[in-house]
1. Kindly provide the set of residues from the range 223-280 that are touching a residue at least 40 places away in the same chain (Cβ under 8 Å), surrounded by 14 or more Cβ atoms within 10 Å (Cβ to Cβ) and charged (D, E, K, R), ordered by number.
2. Give the number of residues within the range 257-285 that are on the phi < 0 side of the Ramachandran plot, more than 18 Å from the chain's Cα centre (by Cα) and not β-branched (Val, Ile, Thr).
3. Test each condition in (1) touching a residue at least 24 places away in the same chain (Cβ under 8 Å); (2) out of contact with any Asp or Glu (no Cβ under 6 Å at 6 or more places or on another chain); (3) under 29 Å from ILE22 (Cβ atoms) for ASP113 and report the one that comes out false.
4. Can ASN20 be described as among the polar types (S, T, N, Q) and farther than 17 Å from GLY170 by Cα?
5. Return yes when GLY170 is over 14 Å from the mean Cα position of the chain (by Cα) and buried (at least 23 other Cβ atoms within 10 Å of the Cβ) and no when it is not.
6. Is one or more of the residues making up the range 289-305 open to solvent by 30 Å² or more (accessible area, probe 1.4 Å), closer than 25 Å to LEU205 by Cβ and not in a helix (DSSP H, G or I)?
7. Does TRP165 qualify as being farther than 20 Å from LEU61 by Cβ, touching a residue at least 24 places away in the same chain (Cβ under 8 Å) and not charged (D, E, K, R)?
8. Could you please find all residues in the range 90-141 being touching a Cys at 6+ places or on another chain (Cβ under 8 Å), crowded, with 20+ Cβ neighbours inside 10 Å and farther than 16 Å from GLU203 by Cβ?
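The values are calculated or read from the model by the stated rules, or taken from the named source; none is laboratory data. As the structure is a prediction and not an experimental result, all values here were calculated from the model. So basically every Cβ, Gly included, is an ideal-geometry build from the backbone, and we count neighbours across all protein chains shown. The accessibility values were calculated without ligands, DNA or RNA, using every heavy atom of the protein model including side chains. Shrake-Rupley method; radii C 1.70, N 1.55, O 1.52, S 1.80 Å.
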Amino acid sequence: MATEENTLSSSYKELASYRNFIQNAQAQWKSFLEQRNEKLAQQGRFDRAPEKVAENIVGTLLTTVLGWEEKDLNWQLNRADLVITRNLVKHILIETKHPGSLKNKRSIDVALDQAWRYASEQHVSRVAICDGFLFYGTDIGSGGLRPRTVFKLTQREAPHDALWWVSLDGIWRTCEVEPDMSLLQDETHALTNEEKIENISGEILHPKYQLPARCFAYVGNPSKTSTWKLPYLLIDGNTDSRRLPKAIQALASNYRGAKVTGIPDNAIPDVFRRLETAASAVGKMPEKGIQSASIYYLLAEIIEQLNAAGK
């Protein structure tokens, strides 16, 4: 007879492992916050602390709250700051940045791009970034990144659901909920000139479009620009209203006779959804009383078909 632990269709909140995790997280969170504050003492004295401090905070979070053991933590593995393994399986790659440096969308995106490249080299399907204040984890799949969890390490109460998806028992499960992305909206502080140089210098840009991987609707390999297809975002992460309709048309039919190639069939639904998200962000998708260009009606029809097919 199948138990609740091996019935994958069960809601995660019905699992005994989830309930046990909640109890441990509640019991350990206050102690974790105290340890975190101690590790950030240098930040308070000199307004800046090295990346090592963020590494120490992440290590404490993983081993005291999330259920991992010290032996599961692999530091400086190839080019990655941290890779978490259990029984030789690489579950998630985490890149750390010096405390407080993930202060806006630009710095977050650059850090994610870096982690994504390192993960592709090691064939790891999940990545996260952390600066001792913000933790942001994503799944890699279908030519892009899908948010898995977002939480602040400054929260007075343990963010149970967000923590669960990177815990020992939750990491391997398919995420059933949408993370609270509004937490990233608080990261609006401008980068200093020093931080701009530090964060931007390591980016790989497409030789033709001069854009990083995250600006393309499909990325086969974040280290190989030849696998990046359909530019649709500006470098700041906002929708490129000029390129977006071209990307939709190239994927749906053709653009001036050119058809996009190199995108696997199983990735195409997610690519269309990324394009829809970008179109919705700038109010281009058809709505009652709002006129849209024909290409967006076509996209809406395609999304309806995908929804009907359960894709």
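1. LYS229, ASP270, ARG274
2. If we filter the range 257-285 for residues that are on the phi < 0 side of the Ramachandran plot, which is where we start, we get 258-261, 263-282, 284-285.
Okay, now just the ones that are also more than 18 Å from the chain's Cα centre (by Cα), so 258-261, 263-266, 268-269, 272, 276, 279-282, 284-285.
From what's left, not β-branched (Val, Ile, Thr): 258-259, 264-266, 269, 272, 276, 279-281, 284-285.
Number satisfying all stated conditions: 13.
3. Status for ASP113: all satisfied but (3).
4. Values: among the polar types (S, T, N, Q): yes; farther than 17 Å from GLY170 by Cα: no.
Criteria not met by ASN20.
5. Working: over 14 Å from the mean Cα position of the chain (by Cα): yes; buried (at least 23 other Cβ atoms within 10 Å of the Cβ): no.
It is false that GLY170 is over 14 Å from the mean Cα position of the chain (by Cα) and buried (at least 23 other Cβ atoms within 10 Å of the Cβ).
6. Narrowing the range 289-305 to residues open to solvent by 30 Å² or more (accessible area, probe 1.4 Å): 289-291, 293-294, 297-298, 301, 304-305.
With the extra rule that they be closer than 25 Å to LEU205 by Cβ, the set shrinks to none.
No, that holds for no residue.
7. It is false that TRP165 is farther than 20 Å from LEU61 by Cβ, touching a residue at least 24 places away in the same chain (Cβ under 8 Å) and not charged (D, E, K, R).
8. Listed by number, the residues that qualify are ILE94, THR96, TYR136.
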